[in-house]
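The values are calculated or read from the model by the stated rules, or taken from the named source; none is laboratory data. The shown structure was predicted, so the numbers you read here are calculated from the model rather than taken from an experiment. Neighbour counts run over all protein chains shown; Cβ positions are idealised from the backbone, glycine included.
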Amino acid sequence: QKEEWAKLKEEPTFSGDGEQVELAANIGTPEDVEGVLNNGGEGVGLYRTEFLYMGKNELPTEDEQYDAYKSVLEQMGDKPVVVRTLDIGGDKELDYLDLPKELNPFLGFRAIRFCLENEYVFRPQLRALLRASVHGNLKIMFPMIATLEEFRQAKAILLDEKEALKNEGVKVSDHIEVGIMVEIPSTAVIAKQFAKEVDFFSIGTNDLIQYTMAADRMNTQVSYLYQPYHPAILNLVNNVIEAAHSENKWAGMCGEMAGDPIAIPILLGLGLDEFSMSATSVLPARTQIRGLSKKNLAANKDKMLAMGTAEEVVEFVKELTE
Ligand code: PEP
Ligand code: MG
């Protein structure tokens, strides 16, 4: 099986009936890029920048960040790289920021909420990204977007820094796509409105599932409710993909679900454009997708979306793909 995978390393990803999708990988550091390329990743679908901020006593400087982003972009060449801006809070703490303890950190002051209130943290990251943009195919993504205003505000700050850099004579790419993570149900529900303003969506199912099912992703006592194949999740995912396509935008997924062999046929049938997973899942996923008929799965999507339980969905998809 390993040999079969290796043959597909440099190949694009096609379903059995000739429909192309993109298989990207998630990374946390520039050192992870080697693994992406060695495993046939067609891009980086999620660069979690938190690691630049963690395990130290102070914020990383703009130049430190620039070096990291540049390194990732250069190693990836013209392949797309989606960089997520700082997503601290929830399960990811930073001691030196001395944030107040919260009763519900996952519902609290985190990610874009923190960044919009602390521009002294946000702006240097955006500047570093903009400066690095000339070294590859950069896409910028904001985490935990719950409202259109948050996206507009974040994008305005980005454009403000771009303008400032240009005035300083610094070169910045004019082809940077700006998108959002869809990991809060409110955003998945009004994806259509978002689709007019964002360049792309990347669905963060790790959080989207916990918020939709009201089941903490780290609490084993309620893990039975953490159901990726629950029809509520699938209907939200479908809504996001349809919204994207209605505006000629693309929709990806960077949560664990994107690399799950049970979810892959479902997501292919819903029309997901980009799947971002751990690097070692890319070649198995490419192999699996080559054996699937996207048209057949898509023809059955309404039936699947109308089901009542995750179990029914899984049974149905198993039968369809046997
Ligand atoms: C997600 O929420 O699905 C996601 C990819 O982000 P993280 O796991 O970093 O919260
Ligand atoms: Mg998340």
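From the residues in segment 189-209 that are within 13 Å of ligand 2 (Cβ to nearest atom) and aliphatic (A, V, I, L, M), which one is nearest to residue 277 (Cα to Cα)?
203
Got at least one residue in segment 222-235 being surrounded by fewer than 18 Cβ atoms within 10 Å (Cβ to Cβ) and small (Gly, Ala, Ser)?
yes
For residue 235, are the conditions met, namely being away from ligand 1 (no atom under 15 Å from the Cβ), under 21 Å from residue 263 (Cβ atoms), out of contact with any strand residue (DSSP E or B) (no Cβ under 7 Å at 6 or more places or on another chain) and not in a strand (DSSP E or B)?
yes
With the requirement that a residue be hydrophobic (A, V, I, L, M, F, W, C) and more than 16 Å from ligand 2 (Cβ to nearest atom), what does segment 72-93 give you?
Within segment 72-93, 72, 73, 76, 81 meet the criteria.
Counting just the residues of segment 94-112 that are free of Cβ contacts under 8 Å to residues at least 40 places away in the same chain and under 25 Å from the mean Cα position of the chain (by Cα), which one comes out nearest to ligand 2 (Cβ to nearest atom)?
111
When the residues of segment 252-302 are narrowed to those that are of a type outside the set (A, V, I, L, M), crowded, with 23+ Cβ neighbours inside 10 Å and within 16 Å of ligand 2 (Cβ to nearest atom), which ends up nearest to the chain's Cα centre (by Cα)?
Of everything passing the filter in segment 252-302, 254 is nearest to the chain's Cα centre (by Cα).
So residue 218 passes all but one of these: (1) loosely packed, with under 14 Cβ neighbours inside 10 Å; (2) within 12 Å of ligand 1 (Cβ to nearest atom); (3) modelled with pLDDT of 95 or more. Which condition number does it fail?
Residue 218 satisfies all of (1) loosely packed, with under 14 Cβ neighbours inside 10 Å; (2) within 12 Å of ligand 1 (Cβ to nearest atom); (3) modelled with pLDDT of 95 or more except (3).
Between residues in segment 172-189 that are among the acidic types (Asp, Glu) and residues that are within 12 Å of ligand 2 (Cβ to nearest atom) and assigned to a loop (DSSP other than H, G, I, E, B), which pairs lie under 8 Å by C-beta distance while being six or more apart or on different chains?
Short answer, once both residue conditions are applied: 183/143; 183/144; 183/204; 183/255.
Please state which of the following conditions residue 64 fails to meet, knowing it meets all the rest: (1) under 17 Å from the mean Cα position of the chain (by Cα); (2) away from ligand 1 (no atom under 14 Å from the Cβ); (3) among the acidic types (Asp, Glu); (4) surrounded by fewer than 22 Cβ atoms within 10 Å (Cβ to Cβ).
Unmet condition: (1).
Each row is one residue, and each column tells you yes or no for (1) crowded, with 20+ Cβ neighbours inside 10 Å; (2) part of a loop (DSSP other than H, G, I, E, B); (3) at positive phi.
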{"residue": "124", "(1), (2), (3)": "no, no, no"}
{"residue": "133", "(1), (2), (3)": "yes, no, no"}
{"residue": "138", "(1), (2), (3)": "yes, no, no"}
{"residue": "149", "(1), (2), (3)": "no, no, no"}
{"residue": "152", "(1), (2), (3)": "no, no, no"}
{"residue": "174", "(1), (2), (3)": "no, yes, no"}
{"residue": "198", "(1), (2), (3)": "yes, yes, no"}
{"residue": "202", "(1), (2), (3)": "yes, no, no"}
{"residue": "208", "(1), (2), (3)": "yes, no, no"}
